[in-house]
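To start, the structure itself, in structure tokens.
The values are calculated or read from the model by the stated rules, or taken from the named source; none is laboratory data. Predicted model only: the values in this text are computed from it and were never measured. Quick reminder, even Gly has a Cβ in these numbers, built from the backbone with ideal geometry, and neighbours come from all protein chains shown. Each accessible area value is taken on the protein alone, full model and side chains, heavy atoms only, with ligands, DNA and RNA left out. Shrake-Rupley method; radii C 1.70, N 1.55, O 1.52, S 1.80 Å.
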Amino acid sequence: MQGIPLLDPVATSALSAVLAVIFLTGAWQKLRDLALFQANIDNYRLLPDGLAWPAAILLPLWELAAGALLLFDPTRTVGAVLAIGLLAIVTTAVAINLLRGRTEIDCGCGSLGGHVGDQTLSWGLVARNALLALAAVLTLREDAARALVWIDYLSVAGGTLGLLGLYVTVNQLMANTPRLRALRNH
């Protein structure tokens, strides 16, 4: 009986690169306005008073570490584990607030192609984060045993750009959905 086939190193490298860009840009957006990110964390109403500020510093640093470590093969596993852990925590926070009926608060994500303040909570956000976590899990798999050649690096670059384009498009659609609903109701 044959097991699940190994991923081609081009696929693993492209997934790692996409996740790295997403995490690094998200961290950058949070770190450049820590006060806004702290307010976003406060809006979730999950942490005791006084812990939002340390969380506003810790979460983007965690995100920055995950993104940076995903960039390099020797540290990819640690980066993926950090990414999965961070996604689990923030997605749980989103789901708790959705179950509370709190959909009008900013997710505080900060994302490629958007800014903190562009996206409110939704189940689509939970699904997006689950797909990002799945991508991180896939980077943990052992690659098929073959060395990358020059054309593979072009394939990694093209795959990374294509996946980033898809990510930005989906994020923008999710951000626009509440606005479109509001326009239809007027």
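Some notes on this structure:
- Between residue 58 and residue 142, the contour length at 0.36 nm per residue exceeds the alpha carbon distance by 27.2 nm.
- Charge dipole magnitude, Cβ of K and R +1, D and E -1 - the chain, Cα centre, debye nearest 20: 500
- Working from Cα pairs under 8 Å separated by at least six residues, relative contact order for segment 6-109 is 31 percent.
- Scaling against 2.2 N^0.38 Å puts the C-alpha radius of gyration of segment 81-184 at 1.29.
- Note that the chain shows a convex hull volume over its alpha carbon atoms of 145 Å³ per residue.
- Sites residue 179 and residue 75 - FRET efficiency at Förster radius 41 Å, r taken between beta-carbons, to 0.05: 0.55
- Once backbone amide H atoms are built at 1.01 Å from N, residue 120 has 107 as its partners under 5 Å, excluding neighbours fewer than 5 places away on the same chain.
- Listed residue (121, 17, 70) projecting farthest to the positive dipole end of segment 1-145, Cβ model: 121
- Surface/4 of the Cα convex hull for segment 65-142, nm²: 5.2
- Only helices enter this figure: runs of n ≥ 4 DSSP H residues, each worth -39500 (n - 2.57), summed and divided by the residues of the chain, yield -24500 deg cm²/dmol at 222 nm to the nearest 500.
- Rounded to the nearest 0.05, the FRET efficiency derived from the C-beta distance between residue 46 and residue 157 at R0 = 45 Å is 0.70.
- Rounded tilt (10° steps) of 123-140 against the dominant C-alpha axis of the chain: 30
- Full extension of the segment from residue 169 to residue 88, taken as 0.36 nm per residue of separation minus the current Cα-Cα distance, would add 26.9 nm.
- Solvent exposure of segment 35-147, expressed per residue, is 51 Å² of accessible area, with all protein chains present and a 1.4 angstrom probe.
- Share of carbon and sulfur in the accessible area of the chain stands at 70%, probe radius 1.4 Å.
- Helix axis angle, 76-99 relative to the chain longest principal axis, alpha carbon, degrees: 30
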